[in-house]
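The values are calculated or read from the model by the stated rules, or taken from the named source; none is laboratory data. All of these numbers come straight from a predicted model, not from anything done at the bench. Counting neighbours? That spans all protein chains shown, and the Cβs are built from the backbone with ideal geometry, glycine included. Just the protein is used for accessible areas: all its heavy atoms, side chains included, with ligands, DNA and RNA removed. Shrake-Rupley method; radii C 1.70, N 1.55, O 1.52, S 1.80 Å.
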Amino acid sequence: GSATEPLIHSFSAMGLSLAASFVFLPPELPDQQRAQASKNIVWDQRPAKLPGGGVARPFLWFSAPEGARSKRTVIFFHGNAEDLQLIEADIVQFTQAMKCNVLAVEYPGYGLCLKSKGCEEVSFGGVDDVAIHALLFCCQVKGIYPSQIVLHGRSLGSAPVLTLAKRAFDMFQWEIGGIILQCPFISVRQVAADYVGLAGSLLVPADCYNNMETMRRLCQSPGRSPVPILILHGQLDKVIKPYHGRTLLKQAQDLGHPCIEGHFPANATHNHWSLREDLVKPMDLFLQKYMEGWNEQAGWLGDGPSLRCF
């Protein structure tokens, strides 16, 4: 009955708070290293009346290389135990390779967010606020249409990407141009089950970053065009095993999603991918196929280094 609802909500909040303590693992960097702020860091604050507004947050922004179309944009959500400072060098190469703008997002409690009031503490809700802020920054500050934006989430970042795609439509009726899920997971509970077994995983709330459920809702949203989704998962991934990516792919296909594909590079691990072969080529081909306005210009075709953050 209604008398038990506050108790249920209390346990749910407690469970999510506990889950956040082991889901989010900010890297530990010396203060001297943290002090070296990049010139590519952009601080922005949206009006308080907007979702995610009222808090100043840092982003990494790289404009498309000279001569490339300037509006197509990737919003990148990094993996765990990383921050903007650690991934910047890889994002530079990725921007050059994809010939597009890239905005990299920082999570609350990570990196430079520790210096800004309102985003010092990590939480699931805080990550959702950062995500919607990133989208509003691209649309309102940079003048980019949602249909020109690709949401790219790696590992931990796959969850806020899927949530953001759904929230953007629910809140603003904005349809995102495409989604890239790199080494995604079915749910935090399923990842826990891989490590500690089913019984131990039951300590994780079922709704804690449940990508399977969010994907289902995306596929079944009435009144919207299906968002093109590309799943990338290295076959040598020992952190989040590739069956996670394959399971998400199969679910979307079973639900009749008309524009979802998967690419499972044979030699990619969780943290090491060939930039050209494992990322740029499959992404560029997919986006040319499904995303209106993604031009025919091929991606970067130089030698492909192994990038840690990808």
Of the candidate values (i) 167; (ii) 201; (iii) 148, the one computed for volume of the Cα convex hull per residue in Å³ from this structure is (iii)
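State, as an integer percentage, the relative contact order of the range 121-179 based on alpha-carbon contacts under 8 Å between residues 6 or more apart. Write out the running numbers ahead of the final one.
Details: 50 pairs, mean separation 21.8, N = 59.
Over the range 121-179, the number comes to 37 percent.
Please give me the summed charge of the neighbours of residue 248: other residues whose Cβ is under 14 Å from its Cβ, Lys and Arg +1, Asp and Glu -1. The partial results should precede the final answer.
Numbers: positive: 216, 217, 241, 246, 250; negative: 213, 237, 254, 261.
In short, +1.
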Within the range 167-185, whose backbone N sits under 14 Å from a point 7 Å along Cα→Cβ of residue 259?
175-180
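For the chain, list the DSSP H helices whose alpha carbon atoms reach 15 Å or more along the long axis and whose average Kyte-Doolittle value is 0.5 or above? Let's see the in-between values first.
Working: long enough: 5-23 (26 Å, 1.11); 84-98 (20 Å, 0.73); 124-136 (18 Å, 1.22); 158-172 (21 Å, 0.65); 243-254 (16 Å, -1.26).
Helices meeting the criterion: 5-23, 84-98, 124-136, 158-172.
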Tell me which trypsin sites (Lys or Arg not before Pro) from the range 234-263 have a DSSP coil assignment and no more than 12 other beta carbons within 10 Å of their own.
238
Rounded to the nearest 5, the percent of antiparallel DSSP beta bridges in the range 170-299 equals 10 percent
In nanometres, the difference between 0.36 nm per residue of separation and the alpha-carbon distance of residue 80 and residue 120 is 12.8 nm
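Based solely on its DSSP helices, what 222 nm [θ] is calculated for the chain when runs of n ≥ 4 H residues each add -39,500 (n - 2.57) and the sum is averaged over all residues, nearest 500 deg cm²/dmol? Could the numbers behind the result be given before it?
Working: 9 runs with 111 residues, N = 310.
That comes out to -11000 deg cm²/dmol.
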Using a Förster radius of 41 Å, what is the FRET efficiency between residue 92 and residue 198 based on their Cβ-Cβ separation? Nearest 0.05, please.
0.45
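Could you check how much of the accessible area of the chain is carbon and sulfur, as a whole percent, using a 1.4 Å probe?
Working: 7410 of 13650 Å².
Percent of accessible area from carbon and sulfur atoms in the chain: 54.
How much of the pair distance distribution for the range 82-193 lies past 16 Å, counting alpha-carbon pairs only, in percent?
Across the range 82-193, Cα pairs with separations above 16 Å total 64 percent.
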Simple label model, 7 Å out from Cα along Cβ direction - residue 38 to residue 267, nm:
2.7 nm
Within a Cβ distance under 11 Å of residue 221, other residues only, what is the Lys/Arg minus Asp/Glu net charge?
+2
Mean accessible area per residue over the range 161-286 (1.4 angstrom probe, all protein chains present, square angstrom) is 42 Å²
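Multiplying the sequence separation of residue 70 and residue 239 by 0.36 nm and subtracting their Cα-Cα distance, what value in nm do you get? Before the final figure, lay out the partial values.
On the way: separation 169, 0.36 × 169 = 60.84 nm, distance 3.54 nm.
Roughly 57.3 nm would be gained on extension.
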